Amino acid sequence: MAWRSSGVPRRIAKALLLVLMGLWLLYLALANTLINSERLRAALLDEPLARTELDLRWERAWSWYPGQLSAARLELVQQAPRWLGLDVEQVNLRVALWPLLGGRIEIDHLDASRIHEVAVGRLRVAGSGRLRLSELAWQQRELSIQSMALDLDNGSITRDAVTLVEDIRLAARLRLVPFDFADQRGGDIVHAVDGELDLAGASDAYAVFSDYLLGLEWLEVSGHGDLTGRLLLEAGELLPGSELQLDSPDLGVTLDSTRLTPGGQRYQLLGDGRIRATISDDQGEPETRLDLTLDDMHMWQQDGTEVMRGDGFRIALAGERLRLDQPPERLHRAGLRWEDTELTNIATLAPYLPAAIPLQLEGGRARLRGFLDYRDDTLEGTFRLDGDEVALRLGDTPMQGRLGVTLALPLLDPRSGRLHLSGTHLTLAATGDDAGEPLTTSLVFPRAELASAWPLLPLEPFLTDDEQPDTPVVTSPLLASAPFDAALSVSGEIDNLSVLDGLLGELFVDQSLGLRGGGRLSAEFDIQQGRPLPGSRLQIDSEEIGGQFLGLDTLGQGTLTASLVDDTPQRGLLTLDLSEVGVRRLSDGRRLFDAPRLSLSATGELPDSGRRLDNPEAQLAWQAAEVPDVTALNLYLPESPAWQLDGGTAGTSGVLVVDSDSARGRITLDGSAIRGQLLGQPLSGGADLELIINQARFDSGRLDISGSRLALQASAEDAETRSVVVAREAVLTGGSGWQQGGARTPSGRLRLDGLLADMALFNALLSSEHGLAVDGSAQLRADIELDAGRLVPGSELRLDATPFSLGFLDLEARGDGQLVATATGSREALSAALMLRMPQVDLRRDDADGALIEGRHMQLTAEARQLDLDAGLQALDTHIALPHIEAPDLAVFNAYLPEDSPLRLLGGHVTLASDLRLDGYQAHGMLRLDAPDARLAFNEHELSGSLMIDARLNDGDLRNMTFDSSGSRISLSNVQLAEDNAAISDGWWADLELAEGRLTWQQPLSLDSELRLAMRDSGPLVELFVSAARERRWLRNLLTVRDIRGQARLEMQQDRLDIRHLVLSGQGRELRANLRLGEASPRGVFYARYGALSLGVALADGQRRWQWPGARGWFERQPVFSSDHVSSRHWLESLEVDPP
């Protein structure tokens, strides 16, 4: 029984086991057949996955018991859009069976390995690892997962087919809150995800962070590195504590300023860097923070030019809390830091300088430190730039040196257009290319507030679609075209104002305005709509400051002021007021004058663009200045050795007004001890010049000084000059520029009037060939035309003198006269013509005090074949006509006789007529002298009668004053010889003709001539030379011959008169003689023949010797003209006399 009872349960158990085994086998057969059939897949797609566009696939599946399921290569994919997916190699799951009866799928547990893909939204995860799900529920298109654990090794994460992370190690613990597929589309499933992720792997910076750079189009990152992170999710949003970090040795950053300002640059940065994205809690509001750090950084422009290198480049961004499926919509804060960087080319900052600043950065290295922060749609920051060898351009002046800039940026509001630079500080120590004085400047901007009516930067990256601005954006450079307002104050020191010359050089055509010196600077500017308001002012006070203008350099103590004086139109005013100022010429550094006060001002309408003023005008004025050395003024005289200043001091005052292309004004010069030369003659004395500048053009060099006046009170060696010249018209052009040192070779016209006290100044122009010289005071009138410094034919100089003095040869003519000099010929071969007329004239020798002769209608004409202002009149042809001259006393001509001549002119009224033509050093002409009551003396004998001299002067040589006197005649008529008041001879006449001879015009005259003579008789000669004849009547009758004809050779020297080979014949008688006159007493020998009777007589020292036999031979042998200097007595005693 016990055995039976124990066997029944065993059989029951065994039967039950068999039933269960059968049922399990049946389940295996039916269940595995069903789960691998298309009917089950279709049923699942129809319900409960209907209208979810989900596709569920598996290669094969099996179940060992109800509620358990295993599958190989399970795929769950949403067809469109593909926001959810699962692709695993092997999966095991447990399904709650009873909920299936109600159409609800509940998976208590899911364990998957060898994961091919897990997709949520745009994210795809793949790799070797394990996926575990618990409490998954699906009902009526609503999905929820209470727990999801994903662990990956050697995996990857992609987004939109772009690999975000590779070689990833991922640990994710997530939860999917109920999600309705019917109401939600796209990536909104991400909003239903909660949990946390820990990851580490290799990643591309651009792939990870490009969609999450807070929407900044101007910022891109690149580079490959190690990525680590921890993400905390709630409803698809990252929670505070989330962190993602990328470390890369070649992290790249692209800053694209073209997104901010048109014409900007793309800059590429590369270095050892880190990107760290975190979610933080900022006063209860979670926000996304992105920090980028670069060390060992290099920065290039888009053309490959390196512009920066260094360490400590930082970018910090903060925005709305980050979602996994989209970037934040708005940027809250942004910051850029430059902690230890160097600009390799400072010129890259040039596009960011305001166009109104005349500073251009051209090259060099500089250290850069600073930051720029963006918050609440505004920016603020500070930059410090230090460069030791920076190349820059201030205006048009290139410079190089040390530059330090602290740019304070308390506020930059792109939306409202406000820009504050208060606190900015600039230091500059640089020199120009010419290695001149360095510029050392230190400027501080205590107040610098600007506001633009337009946005200063594009706001699209920071605004939502409904916040886009409806006003234009300011184009680069900053404030270049914006109608902005500003309030500026500046203070500081500047020590070399010449660097501003480039800013002032365009104000006037061909005329630069420059400054020099330095001092304390202060400025206040108010600007409205881009234009400064009246009252804006800049002032520099200095112990040594100056300006450069009109070729002058001024330096003294004073103040430079620049201000705005009018509003419509806007006019600017630049003034330089100096005291104790020295003025030098820029071209050569010569000191011109010293003034107690000098002012320079420039004004003009402010332009709409550029730096050149509209309608500019400048004024230079000085008073009571002293010219320490007037020789410095020589450069302002036309280039010629004919005039120059040699020394002296003078006072000067003046004012010059300059517009855009010309100048006008008045300059006075007054000196009392000036030395100089005018036309080769030294002068000294006083000068008073009033120079009226009606117009002086810079472009053409045209100079109009009509109305100018020059007064001279100077003394020459032999004259006192007090002269005044007024320029009725004086317009000159050409030359090297009057403002730089005179029109050295001017062209133009001069019409002068004046009073000339000493015409001797013009003697340097007259040829010395003819001994021409003028003297006296005269009224001057000139009409002169110049071409490149040379006279133009037709130019005329007229002198009306009372009295007038003309010197020619050895004579001087005085009287009222008019001299007209005219330039003739051609421009290439300039000549001149002189015309002198003197209605009444007194003639005298140069060394005579009183008048020699008087004349009427004297006329001198001269033609110079060459005319040069420097060399004077050359190759002169002169015609001197004296048609009627009277001398009250013939005795004035004794100077032309030998000093000891026995012949003396005692008196008598004389009339003369002369006509001389002087051609270079050659001369010819005539001289006629008539003395009807002439009185002469020969030794103690006196003669009276009529004297006529008709001198023919041919083939003259003015260098030694010799003439061919052939043809000249001397006539004596109605001569009476008297002795002891008793007439010896009466009515006598004689004619002498110089058949051939040479005359030297000197005092006394020198003559060597062959004479032909005729006389009534020889009686007077016998009386004059043979005193024995007066005692022996027979001898006088013997020697007296009528109707004489003869010849002789006459040699008149300075101290004697020789009559050689005198032969007289008449009435069958013959008289021969050799005489020497001019010694203490005449000496000579005579030979007389009457028929067969002949007689020889020797005279000397009042003694005589007779020779009767062989008188002719004796006469021929006597040495009357021996060169031996023996006394007359010794000569007489030495004569050989044959006894009778």
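Search the range 1041-1055 for residues being at pLDDT 80 or above and either among the aliphatic types (A, V, I, L, M) or buried (at least 19 other Cβ atoms within 10 Å of the Cβ) (or both), and hand back the single one that is farthest from Glu1070 (Cα to Cα).
Within the range 1041-1055, the match that is farthest from Glu1070 (Cα to Cα) is Met1052.
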Residues of the range 931-979 being outside any strand (DSSP E or B), surrounded by 19 or more Cβ atoms within 10 Å (Cβ to Cβ) and either among the hydroxyl-bearing types (Ser, Thr, Tyr) or not assigned by TED's automatic domain parsing to the domain that holds Trp989 (or both), in sequence order, are Ser965, Ser968
Entirely in the range 112-183, the strands (runs of 3 or more DSSP E) that have 2 or more residues that are surrounded by fewer than 20 Cβ atoms within 10 Å (Cβ to Cβ), of a type in the set (Lys, Arg) and in the same structural domain as Ala96 (by TED's automatic domain parsing) = 123-139, 162-180
How about the range 685-708: which of its residues are farther than 22 Å from Pro628 by Cα and either assigned to a strand (DSSP E or B) or of a type in the set (Phe, Trp, Tyr) (or both)?
-> Ile692, Ile693, Asn694, Gln695, Ala696, Arg697, Phe698, Leu703, Asp704
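Mind checking whether some residue in the range 389-408 is modelled with pLDDT under 75, of a type in the set (Val, Ile, Thr), under 30 Å from the mean Cα position of the chain (by Cα) and surrounded by fewer than 17 Cβ atoms within 10 Å (Cβ to Cβ)?
No, the conditions are met nowhere in the range 389-408.
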Strands (runs of 3 or more DSSP E) contained entirely in the range 623-684, each with at least 2 residues that are crowded, with 16+ Cβ neighbours inside 10 Å and not assigned by TED's automatic domain parsing to the domain that holds Gln695 = none
Looking only at the range 988-1005, which residues are assigned to a strand (DSSP E or B) and surrounded by 18 or more Cβ atoms within 10 Å (Cβ to Cβ)?
-> Trp988, Ala990, Leu992, Glu993, Leu994, Gly997, Leu999, Thr1000
Look at Asp588 and say whether it is surrounded by fewer than 18 Cβ atoms within 10 Å (Cβ to Cβ), modelled with pLDDT of 75 or more and over 16 Å from the mean Cα position of the chain (by Cα).
-> no
Do we find a residue being aliphatic (A, V, I, L, M), in contact with a helix residue (DSSP H, G or I) (Cβ under 9 Å, 6 or more places away or on another chain) and within 20 Å of Arg709 (Cα to Cα) anywhere in the range 766-773?
-> no
Mind counting the residues in the range 749-769 that are at pLDDT 75 or above, surrounded by fewer than 21 Cβ atoms within 10 Å (Cβ to Cβ) and of a type outside the set (Lys, Arg)?
-> 7
Residue in the range 654-665 that is in contact with a strand residue (DSSP E or B) (Cβ under 9 Å, 6 or more places away or on another chain) and either without any contact (Cβ under 8 Å) to a residue 24 or more places away in the chain or farther than 30 Å from Glu605 by Cα (or both) present = no
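Table: residues versus (1) at pLDDT 85 or above; (2) crowded, with 16+ Cβ neighbours inside 10 Å; (3) of a type outside the set (Gly, Ala, Ser).
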| residue | (1), (2), (3) |
| --- | --- |
| Val1026 | no, yes, yes |
| Arg1036 | no, yes, yes |
| Leu1039 | no, yes, yes |
| Leu1057 | no, yes, yes |
| His1061 | yes, no, yes |
| Gly1066 | yes, yes, no |
Taking Gly417 as the residue in question, decide whether it is touching a strand residue (DSSP E or B) at 6+ places or on another chain (Cβ under 7 Å), modelled with pLDDT of 80 or more and on the phi > 0 side of the Ramachandran plot.
-> no
Test Glu812 against the criterion of being touching a Ser or Thr at 6+ places or on another chain (Cβ under 9 Å) and surrounded by fewer than 18 Cβ atoms within 10 Å (Cβ to Cβ), and give yes or no.
-> no
Subset tally (residues that are within 26 Å of Asn154 (Cβ to Cβ) and in a loop (DSSP other than H, G, I, E, B)) for the range 217-248 | 2
Would you say Asp800 is surrounded by fewer than 18 Cβ atoms within 10 Å (Cβ to Cβ), of a type in the set (Asp, Glu) and closer than 27 Å to Asp842 by Cα?
-> yes
Do you know which of the residues in the range 409-419 that are of a type outside the set (A, V, I, L, M) and surrounded by 21 or more Cβ atoms within 10 Å (Cβ to Cβ) is nearest to the chain's Cα centre (by Cα)?
-> Gly417
Taking the range 552-571, which residues are surrounded by fewer than 19 Cβ atoms within 10 Å (Cβ to Cβ) and of a type in the set (Gly, Ala, Ser)?
-> Ala562
May I ask you to list pairs of residues, at least six apart or on different chains, whose Cβ atoms are under 7 Å apart, with the first in the range 511-523 being within 19 Å of Leu564 (Cα to Cα) and part of a strand (DSSP E or B) and the second being charged (D, E, K, R) and modelled with pLDDT of 85 or more?
-> Leu521/Glu493; Ala523/Arg537
Of everything in the range 194-209 that's within 19 Å of Leu152 (Cα to Cα) and not charged (D, E, K, R), which residue is surrounded by the most Cβ atoms within 10 Å (Cβ to Cβ)?
-> Ser203
Mind checking which residues of the range 826-840 are more than 41 Å from the chain's Cα centre (by Cα) and either within 17 Å of Leu786 (Cβ to Cβ) or β-branched (Val, Ile, Thr) (or both)?
-> Ala832
What's the number of the condition Leu513 fails, among (1) touching a helix residue (DSSP H, G or I) at 6+ places or on another chain (Cβ under 9 Å); (2) surrounded by 21 or more Cβ atoms within 10 Å (Cβ to Cβ); (3) modelled with pLDDT of 80 or more?
-> (3)
Sort through Pro793, Pro883 and tell me the only one that's touching a strand residue (DSSP E or B) at 6+ places or on another chain (Cβ under 6 Å), not in a strand (DSSP E or B) and not polar (S, T, N, Q).
-> Pro793
Just wondering, is there one or more residues in the range 1111-1122 that are within 19 Å of Val1041 (Cβ to Cβ), of a type in the set (Val, Ile, Thr), surrounded by 13 or more Cβ atoms within 10 Å (Cβ to Cβ) and modelled with pLDDT of 65 or more?
-> no
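The values are calculated or read from the model by the stated rules, or taken from the named source; none is laboratory data. Everything numeric here is computed off the predicted structure, so don't read it as measured data. Quick reminder, even Gly has a Cβ in these numbers, built from the backbone with ideal geometry, and neighbours come from all protein chains shown.
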